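A quick write-up on the structure given underneath.
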Amino acid sequence: CSSDLRSGGSLTAASARGTRTAPVRYPGGHATDCAVQQLTFGCTVRESYITHIRIIEDAAYPSSPPPPTANPDAKKPRLIIVAVRKSGLVRMHKARENVNGTFSIGKTWPLDDLSAVKIYTGVTPTNAEEEQQKQWAGSIGFTVTLGKPYYWQANSSKEKQFFIASLVKIYTKY
């Protein structure tokens, strides 16, 4: 069984075995046995997987697009997982993938905390700062406000668009 993810424990495929119907296909097309469709806490299913996106976050620029000259060592691959509790509460988890294929959840937000999603494409900048942010974010950057703004980059604009559309749909459903 898995550790308690609420305190930063790990999630393994073995802890979810029997609850998955098939391996999850990640954006980009690869499948993995360690992907999770149901999050387990102490052998009890508490949350069901809805969707996810693989993102890059920049530790030096957590709330805005980083400049092209930003230190690449500050960029960290993460996974944003959206899941629903049996009670109907939807939560977003930010996780990292461990070397052994498990996931460690480092931050969790109730979806009720979502107040804004900002994309940088299709927006007409009104000043030089907005123009610069639009250029630096390109087609893959977006900001999600969950109490405070978090800037993330998807692997592709298609993945970004799919995730944001899913997030809006989930937000309005729950």
Multiply the residue separation of Ala70 and Ile56 by 0.36 nm, subtract the distance between their alpha-carbon atoms, and state the gained length in nm to one decimal. 3.7 nm
Please report the net charge: other residues with Cβ closer than 10 Å to the Cβ of Pro77, K and R +1, D and E -1. +3
Once you sort the root eigenvalues of the Cα gyration tensor of region 48-117 as a ≥ b ≥ c, which label holds: rounded (a/c under 1.5), prolate (a/b larger than b/c) or oblate (the other case)? oblate
At a 1.4 Å probe radius, carbon and sulfur cover how many percent of the accessible area of region 70-113? 48
Multiply the residue gap between Ser87 and Ala116 by 0.36 nm, knock off their C-alpha separation, and tell me the result in nm, one decimal place. 8.0 nm
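The values are calculated or read from the model by the stated rules, or taken from the named source; none is laboratory data. The shown structure was predicted, so the numbers you read here are calculated from the model rather than taken from an experiment. Here the Cβ is made from the backbone with ideal geometry for all residues, glycine too, and neighbour counts use every protein chain on show. We work out accessible area using only protein heavy atoms, side chains counted, and drop any ligands, DNA or RNA first. Shrake-Rupley method; radii C 1.70, N 1.55, O 1.52, S 1.80 Å.
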